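The values are calculated or read from the model by the stated rules, or taken from the named source; none is laboratory data. Please read all numbers here as calculations on a predicted model, not as lab measurements. Here the Cβ is made from the backbone with ideal geometry for all residues, glycine too, and neighbour counts use every protein chain on show. The protein model used for the area step is the full one, side chains on, heavy atoms only, and it has no ligands, DNA or RNA in it. Shrake-Rupley method; radii C 1.70, N 1.55, O 1.52, S 1.80 Å.
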Amino acid sequence: MYNQQDWAPDHVRDLIQERFEKNSAATTSFSLDDAFSDADDSDPNYAFSSIVIRTELARAVSYSQEGKESGDGEESSGVDATGDTSEPLPGPSLDISGTTLDVNHLGAKFDSVSLSESPVEKLSHEGDHSDVQDKPEVTDDGHELRHTRNDSTSETQHPVVSTEDSHSDSAALDTTQESRHPSPAQSELPPDTSTSEDEPETPPGQTLHEKSASTPSLPVPSGTLPSATSSSLPPSSIGHKFTRSVGPSVFEKVVSKTRPSFLPPKSRDEDQKHMADWEKMMKRSRAAEEKRRKALQDRRIARELQVEQSLHIWEKEILPDWKIVHRNPAMRKRWWAGIPTKLRATMWERAVGNSLALSQDSYRICLARAKRALSAGTFPTTSLSLIEQDVRSTLPSLHIFHPDSGPMYAELKDMLYAWVVSRSDEGLGYIHGTAKVAAMILLNMSAGPGFIVMKNLLERHCMRSFYGGFSTKNDMEAYYRIFDTLLADGMPKIYFNFKQHQISPSEYLHDWIVPLFLDHLPFEACARLWDVILLEGDAFLYRASLAILAILESRLFFPDKQELLELLRGENKAALEVARREGRPLNGGKYEIYGVDEETLWDRIEFMNDWWKESTWNRLLQRELPDI
């Protein structure tokens, strides 16, 4: 073996210089000291040509082979590119897998290498100062995996490679530009991990160190070798998308749910104990609420049964002269308890009356006019779209006005067409919410009498103000002021809370009165309310509205105006979530999610007897609407 001193840089240069002097007959002498010297030497005796570089590259590989054979005790001689024999170059013991290297064959590999004088020459030397060593991967059985990569996929700069007789400066520039910008087809190709044909396979049992070889330190561009980092990464680590695990996070597992964050934390046992106590309380609360709801339902069923059983009293005492209820408090209380279903249509007709003096044929005449307008295409298109939209949202829990399967869908639309035609002479159009009123009437009587009841009901002064459009805007504002005064007198806390949030009655009262509460209250509660509204008149509209606010009072003190408006519209998110969790239907009245039902509403209405006075209502009417 040769010692480390034999491979000193000065000694290597001396050996190479001596080798060139022996081959001076074949080519002009060449000295590496002169090639890499800082001084400018224009001596024409030295030739820095491609022939010399090819010769040195081929000889350098043969030196490594000769050093290996001489280190093993075998006699071997190096062969240079010209065929002359020479002594082997001293060097360390290295192995190149026992493969015999043909120097002529190696020299042929570099025949196409030339020095380019193109403008890209500067680019080819930028990477000449970096040595890149790519360590091959070894499998479990000792075989080596060679990674090669298409040079077109590299974004680094490459040296200019061209032949002396077939490539010009411009061709070399094009080659460099193409390698810098690979085509889409080339960029999509996966890295080639196959073994090169020019390289011999590794014999079984050969180690990684036996496979490695060393050559004299020559500048190797970094862009020509594959990146070991990029080739060794698993495919799963590239383009990995982060996904959150299912279940509670680490923070949710340790955070206390029974104490605010600004207080000292509890121990784990104490927190779990309090959480269990809270779950027990919530379970008892749900059970109590279900028990209360069932008790109210049983009470309603018992009251309805009692009303139906009092049918003979109605037929004997009230039906002959219905106005007796105004003179007899007992009969009035019976009316407030609810009208029997069999007599409801008759009692409604008599309570509403016919102040407009409409004939029995008024519905048929208005419907005929509406049909002709529809056939001629002169019916207002705005009213048609509003009617269709309103009918689709009418009493969805009953399913009898559904456009596809509802048996009373066409009858309801005909009644609304006739009502629009009857108002067209006054220049009034359709009002959203009228379909609810017409549907309730059709559920209790036929279309002909129901049309007369509907026309006279909606012509009452308060209802006329809400249905009259812009022509009755001043009257509607007056009714808003009346309600504001009643709210301040009866429920001052709610009144001041609304004033603080700048919420006027126009934000919610219009949506209650126009459909006569059918959008917000359960159907059974609305049927009983209608019995009393038709008897008592407009004053009971306001009394029922105040009772609704009394039920919602505990929910009305929101710090945010938007949350308060959502609650009044029946769109409170927390209440909707609780109703969904408990499995309650959401296609009934909007306020059912707040626990508003018939019995609770009437308890509030009867509780108002202590402060509600008809004289107060009449006094406010005279003050705000003196022309009535």
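State whether one or more residues within region 590-606 are loosely packed, with under 13 Cβ neighbours inside 10 Å, in a loop (DSSP other than H, G, I, E, B) and on the phi < 0 side of the Ramachandran plot.
no
Out of region 382-404, which residues are of a type in the set (Ser, Thr, Tyr) and not in a helix (DSSP H, G or I)?
Ser393, Thr394, Ser397
Going by the conditions given, is Leu374 in contact (Cβ under 8 Å) with a residue 12 or more places away in the chain, touching a helix residue (DSSP H, G or I) at 6+ places or on another chain (Cβ under 6 Å) and more than 22 Å from Val514 (Cβ to Cβ)?
So Leu374 fails the test.
Arg350 - would you say it is among the basic types (Lys, Arg), under 15 Å from Gly450 (Cα atoms) and out of contact with any helix residue (DSSP H, G or I) (no Cβ under 6 Å at 6 or more places or on another chain)?
Considered against the rule, which asks whether it is among the basic types (Lys, Arg), under 15 Å from Gly450 (Cα atoms) and out of contact with any helix residue (DSSP H, G or I) (no Cβ under 6 Å at 6 or more places or on another chain), Arg350 comes out as yes.
How many residues does region 531-583 contain that are free of Cβ contacts under 8 Å to residues at least 40 places away in the same chain, more than 17 Å from Gln502 (Cβ to Cβ) and among the hydrophobic types (A, V, I, L, M, F, W, C)?
Counting residues in region 531-583 that are free of Cβ contacts under 8 Å to residues at least 40 places away in the same chain, more than 17 Å from Gln502 (Cβ to Cβ) and among the hydrophobic types (A, V, I, L, M, F, W, C) gives 7.
Conditions (1) out of contact with any Ser or Thr (no Cβ under 9 Å at 6 or more places or on another chain); (2) closer than 30 Å to Arg364 by Cα; (3) modelled with pLDDT under 95; (4) among the aliphatic types (A, V, I, L, M), marked per residue:
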| position | (1), (2), (3), (4) |
| --- | --- |
| Ala439 | no, yes, no, yes |
| Val453 | yes, yes, no, yes |
| Gly469 | yes, yes, yes, no |
| Ile482 | yes, no, no, yes |
| Gln502 | yes, no, yes, no |
| Phe517 | no, yes, no, no |
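Is one or more of the residues making up region 445-453 over 25 Å from Asp627 (Cβ atoms) and assigned to a loop (DSSP other than H, G, I, E, B)?
yes
Tell me, which helices (runs of 4 or more DSSP H) lie completely within region 257-366 with 3 or more residues that are farther than 30 Å from Gly537 by Cβ?
The helices (runs of 4 or more DSSP H) meeting that bar are 268-309.
Report whether or not Leu412 is surrounded by 15 or more Cβ atoms within 10 Å (Cβ to Cβ), over 19 Å from Leu541 (Cβ atoms) and in contact with a Leu (Cβ under 9 Å, 6 or more places away or on another chain).
yes
Just name the residue that is modelled with the highest pLDDT out of those in region 547-570 that are under 28 Å from the mean Cα position of the chain (by Cα) and exposed (fewer than 13 other Cβ atoms within 10 Å of the Cβ).
Selected residue: Gln562.
For region 372-381, how many residues are open to solvent by 90 Å² or more (accessible area, probe 1.4 Å) and either closer than 16 Å to Met415 by Cα or in a helix (DSSP H, G or I) (or both)?
Total meeting the criteria: 3.
Can you tell me which residue in region 334-348 is farthest from Val307 (Cα to Cα), limited to those that are under 54 Å from the mean Cα position of the chain (by Cα) and open to solvent by 70 Å² or more (accessible area, probe 1.4 Å)?
The extreme case among them is Lys342.
From the list Gln360, Gln306, which one is open to solvent by 40 Å² or more (accessible area, probe 1.4 Å) and either in contact with a Pro (Cβ under 9 Å, 6 or more places away or on another chain) or of a type in the set (Phe, Trp, Tyr) (or both)?
Of Gln360, Gln306, the one residue that is open to solvent by 40 Å² or more (accessible area, probe 1.4 Å) and either in contact with a Pro (Cβ under 9 Å, 6 or more places away or on another chain) or of a type in the set (Phe, Trp, Tyr) (or both) is Gln360.
Working only within region 421-441, note down all residues that are closer than 12 Å to Met454 by Cα and either touching a strand residue (DSSP E or B) at 6+ places or on another chain (Cβ under 6 Å) or open to solvent by 10 Å² or more (accessible area, probe 1.4 Å) (or both).
Residue satisfying the conditions is Ser422 alone.
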